[in-house]
Amino acid sequence: MRRFFRLFVVAALSAGVFTAKAGEEGTTSTQRTTIVLNEKEGDQQPSSYEQQTAALAPKQKKTQLRFSGYTRIMALYRDMGDYYADNVNLSGRPLTLPVTVALDDGASQPLLMLRIEANPSANSSLQIESSLNNNLLNNGTGITNVDPDTDGKFANIFAGFHVKGSTITPVGKFTMTAGAGSIWAKMSPFTLWNFQYRDDMFERYPWDPAGSNWRRYESFYSTGDIPRDQRWGNRGMQGFMIEGEDMPFGLTTKIMYGKTRSAGGFENWSSGIPQNMFGARIGKRLGTVVVGANFYDQFGYDVPEVIKDSVFVDIYNPDNDNTYIVEESNKTSQMIVTADAAIKMNNLRLYTELGAGSYLTRTYYNQNTFDGLEDGATIKSLGRNWSPLVYVEADIRKGLIGWPFKAMLYHIGPHAVNNQSTFLNSSVEEATDGRNVGINSTESIWNVYFYDGMVTEIGQLTNNRQGIELTSNARWGKLVAELGLQFAQEVVNHGTTVDTSDFLNGVRGADATAFDDAQILEQGQGGVRNSITFAHLVNQYQRSRFHYNQRFQGPYRRLQSDFRRAWENVAITDTTVDYKKGFSVIDFSLKYKTKVFKRDLILTGFFRQNTVTDGAPLPYISAEGKDGAFFVQRYEELMFFYKLSQKVTLIGVAGWEQNKANKDRTELAYTSDSPTDATTPYSKGDAILENGRPVYNEDGAPIDQVGYGYGIGIDYDFTDRASLDARYKIYGHKDKNFTRDVFNGQEITLELKVFF
């Protein structure tokens, strides 16, 4: 136990000395979004990354000191013809318009990662890891992120730093990790885990592991997975984590305390928000079954000081006329309690997680202004609304019934919120990154954790949703086919809690040209209630750099972006909301491997259709007419990978996206002349205002968008540990009716990455 105590002290001192300065777009975000639902705890099969990089162990010296890491430099050239007018304000990012020549892409990617490992004794180990970010000089004007005292040459040296120590004792093996901004952890999908988005293989990623590029493409062909590094699928945190294995009765445990990105952020020292997270898991293997119990809570206050004696009305009980004086009303909490089990047999694997979740904060209630306390008001604390969490997955292998497929069933209630889990938040707008940045806050543009009416992809979950999913694959010789279907429906349509749903409340935030905070509160509108948020599947990486980690952006205040991804929100304007929205997803892909001129060639094709409907989640063909879908999205992608030699690979991509909304039931743009200086984010396009309310023109048209992206690239592998990768892409987007929604451009990237 003395060894364990010494390791604890060393780790604690290290965490206090080295402070992270990794922001939303730094080392944390590069490993943000993943869950491979076939790889739950208890499934010991190696991942595709482990299979392809097992031979690439860190170098080892005779002194038993081992070191490994990588350095990565990316040069960027971008030339845009048309672009959004608000792109010029990029919060100090080093991308200029219309032309950019820069090192890095403005997202503060790791320039250097270094890991040092040692074994002080036979029963102990030590690991130290740090990352380096860069904001280097580039050409152009208007760059505000350089340091004037260093002539623009600036680097965040300790973007992430942690120390890990392990010791073996008579009661088990214990590992403690302490540090800032770079501890990677996961427990269970509903508590602490990451979803793995589908990415194309054209764009380069900071987390691409060591190994030849061709092996990366072959893995994509054979498994459908993109190889990630060992931390992909975990959440980044700063603080302390203790893990125990080989404990009495075969128990395993994990305890963590600190901060995540959504618990005040990794630069919380600048905001002073007193908010932290605590997570715990205990598990046990029972033969072929692994069971576990999980707890997660992100708790604290959403501003530095405690706020007392506020008056609230519960918006989820609209028939209750009672008002309450709430003590410590700015408390906040995202709490999840679950139990899970994984059963693994020869041709069948089952996984389930059951539990409940709740969200608590003052802005979860509809706050009103009072000159004094109302008669009969009662004093109480903020109450919790709990919602059930249900996830069941069956992975059936071909040997059982002759055809492999995976079936999934889930239910996530509207009050369950956890921004560090696999499911997104499409129910409670106020659940942000720790700050009080709800709909009535001037900082609401920074709330990138809310996606009202989220249009998901296969495998992706969101709260206030229940549904089923089926996926399968088949192989005929060298042809591989994969099919995915998802059908889901809202648990509650929050539009039913709003008196006038045609008032597009909250979805674009408070804007001086439309409604100020007082007007929003006076009308009793609690937040976004009936809209659709969809991801732009083509050029999502390029779009994410138009507005870094913000929402309410773009010419119509509908755009939202996060690290390497972009979304758009479209309001439904039904005056009667007596339905639950239905969501359907169809994914279909074909992959084929052959030889051309005696060299390997991989061809891939991918198709996706997303549909949002009134009621049953049916895959509509059209969004036309009052009986048509609210929204239909189609995406097509063609790629090729050609192995010119053992070290050189040629890669190409062609992508096309179409997005159409319903004319009779969603926001419209004018088709006739109208004032252009009265645009408001609450109206149908270019509507004008009368008495603070939008006046709609029936002669309007809905969104009707087409986007495209075509690229060519080449990879040169010096060795398995070093490569030079070039990409050239032309891209564009245009909305037929919302005429200011247009951009086009071209860009070249050149990346050098070396592992050591």
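The values are calculated or read from the model by the stated rules, or taken from the named source; none is laboratory data. Keep in mind that this is a model prediction, so the values were computed, not measured. Cβ atoms come from the backbone with ideal geometry, glycine included; neighbour counts cover every protein chain shown.
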Residues in the stretch 318-330: is at least one closer than 15 Å to E430 by Cα, aliphatic (A, V, I, L, M), crowded, with 16+ Cβ neighbours inside 10 Å and modelled with pLDDT of 60 or more?
-> no
When the stretch 560-601 is checked residue by residue, the ones that are aliphatic (A, V, I, L, M), under 24 Å from E482 (Cβ atoms) and surrounded by 16 or more Cβ atoms within 10 Å (Cβ to Cβ) are V585, I586
Checked the stretch 269-301 for anything farther than 27 Å from T332 by Cα, touching a residue at least 40 places away in the same chain (Cβ under 8 Å) and among the aliphatic types (A, V, I, L, M); matches are V289, V290, V291
Across (1) surrounded by fewer than 19 Cβ atoms within 10 Å (Cβ to Cβ); (2) under 26 Å from Y708 (Cα atoms); (3) more than 22 Å from the chain's Cα centre (by Cα), T604 clears everything bar (1)
Those residues of the stretch 334-349 which are outside any strand (DSSP E or B) and either of a type in the set (S, T, N, Q) or closer than 21 Å to N425 by Cα (or both) amount to N346, N347
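Yes/no per residue for (1) at pLDDT below 90; (2) outside any loop (DSSP other than H, G, I, E, B):
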| site | (1), (2) |
| --- | --- |
| D433 | yes, no |
| S441 | yes, no |
| G484 | no, yes |
| V492 | yes, no |
| T496 | yes, yes |
| G506 | yes, no |
| G527 | yes, no |
| I532 | no, yes |
Evaluate the following for A185: is it over 27 Å from V455 (Cα atoms) and within 17 Å of the chain's Cα centre (by Cα)?
yes
Matching residues in the stretch 443-477 (under 30 Å from D302 (Cβ atoms) and assigned to a loop (DSSP other than H, G, I, E, B)) number 12
Contact list, first residue from the stretch 97-117 and at positive phi, second anywhere and β-branched (V, I, T), beta-carbon distance below 9 Å, six or more apart or interchain, is D104/I73; G106/T100; S108/T27
When restricted to F195, F190, the only residue in a loop (DSSP other than H, G, I, E, B), more than 27 Å from R115 (Cβ to Cβ) and at pLDDT 85 or above is F190
Within the stretch 738-756, of all residues that are in a loop (DSSP other than H, G, I, E, B) and not basic (K, R), the one farthest from A85 (Cα to Cα) is F756
task = Taking L65 as the residue in question, decide whether it is surrounded by fewer than 21 Cβ atoms within 10 Å (Cβ to Cβ), of a type in the set (A, V, I, L, M, F, W, C) and at pLDDT below 85.
result = yes
Turns out the strands (runs of 3 or more DSSP E) fully within the stretch 542-640 with at least 1 residues that are farther than 25 Å from F743 by Cβ and assigned by TED's automatic domain parsing to the domain that holds H733 are 581-596, 599-614
Scanning the stretch 89-102 for residues that are outside any loop (DSSP other than H, G, I, E, B) and either buried (at least 21 other Cβ atoms within 10 Å of the Cβ) or within 25 Å of the chain's Cα centre (by Cα) (or both), the one modelled with the lowest pLDDT turns out to be A102
Exercise. Is it true that some residue in the stretch 648-661 is under 20 Å from L485 (Cβ atoms) and either touching a helix residue (DSSP H, G or I) at 6+ places or on another chain (Cβ under 9 Å) or of a type in the set (A, V, I, L, M, F, W, C) (or both)?
Worked result: no
Of the residues in the stretch 227-243 that are assigned to a loop (DSSP other than H, G, I, E, B) and either on the phi < 0 side of the Ramachandran plot or not assigned by TED's automatic domain parsing to the domain that holds M201 (or both), the one that is modelled with the highest pLDDT is N234
Exercise for review: Evaluate the stretch 256-277: report whether one residue or more is at pLDDT below 80, of a type in the set (A, V, I, L, M) and buried (at least 18 other Cβ atoms within 10 Å of the Cβ).
Suggested key: yes
